[in-house]
Amino acid sequence: MNAEQNKKVILTGDRPTGQLHLGHYVGSLANRVALQDEYNQFILLADIQALTDNYENPQKVRDNAYQVLLDYLAVGIDPHKSTIFLQSQIPQIAELTVLFMNLVTLSRLKRNPTVKAEMALRGFDESVPVGFLVYPVSQAADITIFKADLVPVGEDQAPMIEQTNELVRSFNRIYGPILKETTALIPKTGGRLIGTDGKAKMSKSLGNTIFLNESSDSLAKKVKGMYTDPTHLKVEDPGKIEGNTVFTYLDIFDPDTAEVTRLKEHYMRGGLGDSIVKKRLLDVLENFIAPIRTRRAELAQNMDYIENIAREGTLKARAVASQTMLEIRRGVKIDYFD
Ligand code: TRP
């Protein structure tokens, strides 16, 4: 056994529907960068899942696959340590999804709280495309075909992991001990970053994001427009910290925690203007984003290299998936000519 096989496995990924933002970083990317040495990490560009609500926009999904890959590399995911691959290029995932679909009921699918919320957001109701409703089943296949021990995600994905483990238990009970239960790795803070508008979640569809390669100009505008404490009207007024987006971000991104504590005390006491705190946040975020932006621009010069990472990662992932699929086919007694 080589060293890689001794390591525990991580599987995680993103829908390539747009560039990644600070919310993705806080929710999952930071963990991936931190864990890629210790784990055998697989990261999937979930293009098939992206199509479940973008089936009319295949070009958008196609264009974003490599944009997301660029974001991965720019934040420090190392393709020598992590295997980055395209979900659509692993047909075994689709094969396992079909087998899993026998083990889940319609009412269970409708009960998934994340899917429920997403359906409401998209106004789907009863006319929900079946592909969308079953994406958690396909996600369970993503995870289990790699026998993942750990899935680093934000808390909105916890219901997916729960459903995955239910499927694993049903599957193993019927077909033998083939698949592995998994654990969600959710950051202590929940991994949910509030949006620049103070709304619960940073999200492209809400238009409250700061992208990982946000330009300096646009970053300055976004920070300037950030939600603070609406009752803090005059500089002398005492201000609130809770729910104040600028302080929430400082807590996460400002390495100088002592200074942040001092600023908070001053703000609560009164006499500290929003513009000063925002200026500090702008500096902190610019320091965080600038190296990502630079590295991303360099990498984007050579898209052949990016494509090659996707190709090699996909070949490696496919080898693992087809190995598990052999065991699965034997368990389900469809290993006719294997
Ligand atoms: N559903 C995840 C998201 O929207 C993306 C995803 C697809 C994923 N397959 C996965 C995450 C497997 C973790 C594991 O962000």
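The values are calculated or read from the model by the stated rules, or taken from the named source; none is laboratory data. These numbers were taken from a predicted model, which means no experiment stands behind them. Glycine also receives a Cβ, built like all others from the backbone with ideal geometry; neighbour counts cover every protein chain displayed. SASA here: full protein model, heavy atoms, side chains in, ligands and nucleic acids out. Shrake-Rupley method; radii C 1.70, N 1.55, O 1.52, S 1.80 Å.
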Notebook entry, point to check: Residue check: is N54 open to solvent by 10 Å² or more (accessible area, probe 1.4 Å), more than 10 Å from the ligand (Cβ to nearest atom), not aliphatic (A, V, I, L, M) and not in a loop (DSSP other than H, G, I, E, B)?
Noted result: no
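Only one of these is within 16 Å of the ligand (Cβ to nearest atom), among the hydrophobic types (A, V, I, L, M, F, W, C), in a helix (DSSP H, G or I) and closer than 24 Å to L299 by Cα: A30, A94, A117, A34. Name it. Steps first, answer last, please.
Values: A94 fails: closer than 24 Å to L299 by Cα; A117 fails: closer than 24 Å to L299 by Cα; A34 fails: within 16 Å of the ligand (Cβ to nearest atom).
Of the residues listed, the single one that is within 16 Å of the ligand (Cβ to nearest atom), among the hydrophobic types (A, V, I, L, M, F, W, C), in a helix (DSSP H, G or I) and closer than 24 Å to L299 by Cα is A30.
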Original post:
Restricting attention to the stretch 179-197, does a residue exist that is assigned to a loop (DSSP other than H, G, I, E, B), open to solvent by 20 Å² or more (accessible area, probe 1.4 Å) and within 13 Å of the ligand (Cβ to nearest atom)?
Top reply: yes
I145: passes all of (1) more than 10 Å from the ligand (Cβ to nearest atom); (2) touching a Ser or Thr at 6+ places or on another chain (Cβ under 7 Å); (3) of a type in the set (A, V, I, L, M, F, W, C); (4) modelled with pLDDT under 95 but (4)
Residue pairs within 9 Å by beta carbon, gap of at least six or interchain, first lying in the stretch 90-112 and among the hydroxyl-bearing types (S, T, Y), second outside any helix (DSSP H, G or I), listed first then second, are T97/V134
Of (1) more than 16 Å from the ligand (Cβ to nearest atom); (2) crowded, with 20+ Cβ neighbours inside 10 Å; (3) not basic (K, R), I174 fails just (2)
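If the requirement is being surrounded by 15 or more Cβ atoms within 10 Å (Cβ to Cβ), within 16 Å of the ligand (Cβ to nearest atom) and in the same structural domain as A50 (by TED's automatic domain parsing), which of these qualifies: M202, M160? Full working, then the answer.
On the way: M202 fails: in the same structural domain as A50 (by TED's automatic domain parsing).
Step by step, each of M202, M160 is checked, and only M160 is surrounded by 15 or more Cβ atoms within 10 Å (Cβ to Cβ), within 16 Å of the ligand (Cβ to nearest atom) and in the same structural domain as A50 (by TED's automatic domain parsing).
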Exercise. Do the conditions hold for A65, that is, is it assigned to a helix (DSSP H, G or I), within 27 Å of Q301 (Cβ to Cβ) and more than 11 Å from the ligand (Cβ to nearest atom)?
Worked result: yes
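Would you check which residues across the stretch 1-58 are of a type in the set (S, T, N, Q) and in contact (Cβ under 8 Å) with a residue 24 or more places away in the chain and list them? Please lay out each step first, then the result.
Restricting attention to the stretch 1-58, the residues satisfying the condition of being of a type in the set (S, T, N, Q) are 2, 5-6, 12, 17, 19, 28, 31, 36, 40-41, 49, 52, 54, 57.
Listed by number, the residues that qualify are Q5, T12, T17, Q19, S28, N31, Q36, N40, Q41, Q49, T52, N54.
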Screening L73, L103 for residues that are more than 14 Å from the ligand (Cβ to nearest atom), part of a helix (DSSP H, G or I) and at pLDDT 95 or above leaves only L73
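Quick check on F85: is it more than 11 Å from the ligand (Cβ to nearest atom), among the aromatic types (F, W, Y), in a helix (DSSP H, G or I) and open to solvent by less than 10 Å² (accessible area, probe 1.4 Å)? Even if it seems obvious, please write down each step before you answer.
Details: more than 11 Å from the ligand (Cβ to nearest atom): yes; among the aromatic types (F, W, Y): yes; in a helix (DSSP H, G or I): no; open to solvent by less than 10 Å² (accessible area, probe 1.4 Å): yes.
Taking the combined requirement at face value, the residue does not satisfy it.
Of the residues that make up the stretch 142-149, is at least one under 19 Å from I334 (Cβ atoms) and in a helix (DSSP H, G or I)?
yes
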Of those in the stretch 323-338 that are outside any helix (DSSP H, G or I) and of a type in the set (V, I, T), the residue least open to solvent (accessible area, probe 1.4 Å) is V332
Selection over the stretch 254-273 where residues are in a helix (DSSP H, G or I), crowded, with 18+ Cβ neighbours inside 10 Å and in contact (Cβ under 8 Å) with a residue 24 or more places away in the chain yields a count of 1
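Could you check the stretch 244-281 and list, in sequence order, the residues that are over 16 Å from K221 (Cα atoms) and under 29 Å from the mean Cα position of the chain (by Cα)? Working first, answer last.
Let us first name the residues in the stretch 244-281 that are over 16 Å from K221 (Cα atoms), namely 244, 247-248, 250-273.
The answer is N244, F247, T248, L250, D251, I252, F253, D254, P255, D256, T257, V260.
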Contact list, first residue from the stretch 157-176 and closer than 13 Å to R108 by Cβ, second anywhere and modelled with pLDDT of 95 or more and among the aromatic types (F, W, Y), beta-carbon distance below 8 Å, six or more apart or interchain, is L167/F100
